[in-house]
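The values are calculated or read from the model by the stated rules, or taken from the named source; none is laboratory data. This is a predicted model, so every value here is computed, not measured. Every residue, glycine among them, receives a Cβ derived from its backbone with ideal geometry; neighbour counts consider all protein chains shown. For the accessible areas, the whole protein counts, side chains as well, though only heavy atoms, and no ligand, DNA or RNA atoms are used. Shrake-Rupley method; radii C 1.70, N 1.55, O 1.52, S 1.80 Å.
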There are 2 protein chains.
Amino acid sequence: MESIEIVGLVAATLTTSSFVPQVYKAFKNKSTKDVSLTMYTVLLVGTLLWLVYGINIQSMSVILANSITSLLAVLMLILKLKYQ
Amino acid sequence: MESIEIVGLVAATLTTSSFVPQVYKAFKNKSTKDVSLTMYTVLLVGTLLWLVYGINIQSMSVILANSITSLLAVLMLILKLKYQ
């Protein structure tokens, strides 16, 4: 693998996993007042479109990163609606 | 342009612009208690690496999307540190 592809994989891992501490914080504190519902709604539509794109171009990285981010966005939307 | 590339561009526009309502909410309410500092720190490192990747593979979409998301992540970090 070219070293620049490793940079891309690390970048994808970081941007995807960045949502984990936000989900954890919302779950732990049972408070999401300051979290934007619009943000996670728009994000979810975006990651689902990325998923369509990834399946179409058969990119495992795009499929994997956006499946996980979609799941985390759904979790945040549930927590937002439950604890706002 | 192939129609699947339009799906990719719409996806990139949505995932990037999703952070705008969060920045606006934090700015308007002057409150970021429920927003995760770790999330935006990890996100910023990730989008900066995506930027390195985009410059290396000369992808204007990757460069543009991650320049804007990096800027929005920096704004959220400033608002988080100011209003937490």
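At-a-glance table
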| quantity | calculated |
| --- | --- |
| Chain A, closest residue to the rotation axis toward B, by beta-carbon, whole angstrom | A:Asp34, 2 |
| Equivalent-ellipsoid semi-axes of chain B, from the Cα gyration tensor, Å, largest first | 27, 15, 8 |
| Inter-chain shielding of A:31-40 (mean C-beta neighbours from other protein chains, 10 Å cut-off) | 6 |
| Cβ neighbours within 10 Å from other chains - mean over B:57-63 | 1 |
| Partner lysines for A:Lys25 [C-alpha distance under 17 Å; skip if fewer than 8 residues away on the same chain] | A:Lys33, A:Lys80, A:Lys82, B:Lys33, B:Lys80 |
| A:Leu48 accessible area, assembled protein chains, probe 1.4 Å, Å² | 80 Å² |
| The range A:21-73-the range B:53-84 distance, computed between alpha-carbon centres (Å) | 17 Å |
| The range B:8-48: C-alpha gyration tensor shape, a/c 1.5 cut-off, then a/b vs b/c | oblate |
| Net charge, A:Lys33 excluded, C-beta distance under 9 Å - Lys, Arg +1, Asp, Glu -1 | -1 |
| Cleavage-rule hits, trypsin sites (Lys or Arg not before Pro), the range A:1-45, DSSP coil, Cβ neighbours within 10 Å at most 15 | A:Lys30, A:Lys33 |
| Scattering curve values for the protein assembly as shown, log₁₀ I(q)/I(0), Debye with Cα scatterers, q = 0.11 Å⁻¹ | -0.42 |
| Label point 7 Å beyond Cα along the C-beta direction, distances from B:Tyr24 to other copies (nm, shortest first) | 3.1 |
| Under 14 Å, Cβ to Cβ, from A:Ser59 - net charge with Lys/Arg +1 and Asp/Glu -1 | -2 |
| Portion, in percent, of the accessible area of chain A that falls on carbon or sulfur, probe 1.4 Å | 71 percent |
| B:Ser31 versus A:Ser3: modelled label distance in nm, points set 7 Å from Cα along the beta carbon direction | 4.9 nm |
| At 7 Å out from Cα toward Cβ: B:Leu64 inter-copy label distances (nm, ascending) | 2.8 |
| Loss of accessible area when B meets A, both sides summed, Å² nearest 100, probe 1.4 Å | 3000 Å² |
| Solvent-accessible heavy-atom area per residue, rounded to whole Å², over chain B at 1.4 Å | 53 Å² |
| Unit charges on C-beta of K, R, D, E only; dipole of chain B, Debye | 620 debye |
